[in-house]
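Q: For reference, the structure I am asking about is given below.
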Amino acid sequence: MDIRQLRYFTTIVQEGNISNAAKALNMSQPPLSTQIRLLEEELGCGLFDRNTRHIRLTGAGEILYERANAILDLLSDTRTELNDYKKGLSGTIRIGIVSSVGSTDFTRWIMDFHGRYPDIRYALTEGNTYDLVGRTRSSQIDLALVRTPFSAPDLAFVPLKEETLVAIGRDSFYRPPFSPEISLQELAHAPLITYRRWETILRNAFQTEGVSPDFICINDDARTTVYLAGAGLGVGIVPASVVPLAFPAPVTIRPVSNTSLATGISMIYRKEAYLPAVARLFIDFTASRNGT
């Protein structure tokens with residue numbers, strides 16, 4: 001049994017029959033059939049149920065298919081890792097970023113990292129937390145900077161920063177007397193702006209407090225929330241780290257007093273999959289700079 005035979009075997013399973021597999025492998029069908037027969041003879045058991053019109057694995061075939069995929073994945077990862085080793089500290093990191101992080105904290109983190117490792121390049125993908133969780137799972141990106149809360153127990157999770165939500169808006173939307181913080185009861189009287197990431201969480205928090213919010217605008221981006229609040233549409237509710245995005249405008253920024261609405265910035269990546277050396281370097285560097 002060798003790597004070539006394992007690749008032939010998995011291709012037949014994936015393509016559904018030997019004819020399609022032969023085309024995918026750019027070879028004729030008889031040599032492919034011969035290699036599978038030799039593999040079965042070496043293993044001493046049949047891998048396919050030949051009494052059906054379609055490809056169906058035997059019990060032994062199912063075991064081998066699972067093991068063969070693991071072996072081929074390990075081989076691919078090893079080649080990639082050795083290629084990374086030959087290149088040294090260079091290459092490209094594929095990073096996913098939520099909008100409320102990409103324009104603030106991430107800028108500082110990536111500049112610190114770039115100052116230490118100037119030969120590394122970056123391919124950035126922006127999206128919401130749930131989109132980036134999916135892209136991380138499917139290996140479209142190496143890692144992602146996302147916001148809690150979310151559920152992804154299958155991914156590795158590195159907490160980087162905890163913070164509160166803040167309200168940002170013109171004084172005319174706030175009821176006097178003003179206090180440093182603002183409650184959900186007070187916010188319920190203002191036209192509110194937020195992005196979809198927080199809509200359900202905020203509605204549930206308001207419901208728990210026994211009040212009904214007035215959302216004048218729901219959008220897809222923290223930056224849009226800040227800009228509309230600055231323009232005077234209403235009171236925006238965003239994570240505290242988004243505040244630096246606010247352009248000069250007559251707005252007041254007040255922390256939301258409800259502690260259950262705390263949020264965090266976390267880094268996620270696949271637990272078992274191979275990570276390029278440069279991606280691992282970014283994870284370790286960023287985590288150490290943020291005390292984790």
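Q: Going by accessible area, probe 1.4 Å, with all protein chains left in place, what is the ranking of F157, F173, F106, largest first? Each step should come with its number before you reach the end.
A: Numbers: F157 105, F173 50, F106 10 Å².
Output order, biggest surface exposure first: F157, F173, F106.
Q: Then there's this: I want to verify the translational diffusion coefficient of the stretch 135-203 in µm²/s; compute it with Stokes-Einstein, Rh as the Kirkwood radius over Cα pairs, at 20 °C and 1.002 mPa s.
A: Working: Rh = 15.4 Å.
It comes out at roughly 139 µm²/s.
Q: Between T58, T263, T92, find the one with the highest GNM mean-square fluctuation for the chain; connect C-alpha pairs within less than 10 Å.
A: Between T58, T263, T92, it is T58 that shows the largest mean-square fluctuation.
Q: Would you mind counting up the charge near I265? Only other residues with Cβ under 9 Å from its Cβ, with Lys and Arg at +1 and Asp and Glu at -1.
A: Net charge around I265: -1.
Q: Exactly which trypsin sites (Lys or Arg not before Pro) in the stretch 217-292 are in a DSSP loop and have at most 16 other Cβ atoms within 10 Å?
A: Values: sites: R223, R270, K271, R280, R289; in loops: K271.
Here the sparse-neighbourhood loop sites are K271.
Q: FRET efficiency for F215 and L124, Cβ-Cβ distance as r, R0 = 25 Å, nearest 0.05?
A: Details: r = 30 Å, r/R0 = 1.20.
That pair, F215 with L124, gives E of 0.25.
Q: Any idea of V13's accessible area? Nearest 10 Å², probe 1.4 Å.
A: Rounded to the nearest 10, the figure is 30 Å².
Q: Here are a few candidate values for mean projected area of the Cα convex hull in nm²: (1) 15.2; (2) 18.6; (3) 21.2. Which one was actually calculated from the structure I just gave you?
A: (3)
Q: I want to verify a result. In a Gaussian network model of the chain, Cα cutoff 10 Å, which of these has the top mean-square fluctuation: H114, H189, H54?
A: H54
Q: Return the whole-Å distance between the Cα centroid of the stretch 235-289 and the Cα centroid of the stretch 25-56.
A: 52
Q: Hey, another quick one. At 0.36 nm per residue, minus the direct Cα-Cα distance, what do H54 and E181 gain on full extension? Give it in nm, one decimal, please. Please report the intermediate quantities before stating the final value.
A: Working: separation 127, 0.36 × 127 = 45.72 nm, distance 6.69 nm.
Length gained between H54 and E181: 39.0 nm.
Q: Multiplying the sequence separation of D73 and T148 by 0.36 nm and subtracting their Cα-Cα distance, what value in nm do you get?
A: The span from D73 to T148 would gain 23.9 nm if fully extended.
Q: Next question, about the same structure. Under 18 Å from the 7 Å Cα→Cβ point of K23, by amide nitrogen: which residues of the stretch 32-62?
A: 32-33, 54-55
Q: Which percentage, to the nearest 5, of the DSSP beta bridges contained in the chain is antiparallel? All intermediate terms of the calculation are to be shown ahead of the outcome.
A: Working: 22 of 40 bridges.
About 55 percent, rounded to the nearest 5.
Q: Highest GNM mean-square fluctuation, the chain, Cα pairs closer than 10 Å: which of I18, I253, I141?
A: Greatest mean-square fluctuation among the candidates belongs to I18.
Q: How much accessible area does C45 have with a 1.4 Å probe, in Å² rounded to the nearest 10?
A: Using a 1.4 Å probe on the heavy atoms, I get roughly 50 Å².
Q: OK, next. Between N204 and Y117, what is the label-to-label distance in nm when each label sits 7 Å out along the Cα-to-Cβ direction?
A: Modelled inter-label distance: 3.6 nm.
The values are calculated or read from the model by the stated rules, or taken from the named source; none is laboratory data. None of the values given here were measured: they were computed from a predicted structure. Every residue, glycine as well, gets a Cβ built from its backbone with ideal geometry; the counts of neighbours run over all protein chains shown. In case anyone asks, the SASA skips ligands and DNA or RNA and just uses the protein heavy atoms, side chains included. Shrake-Rupley method; radii C 1.70, N 1.55, O 1.52, S 1.80 Å.
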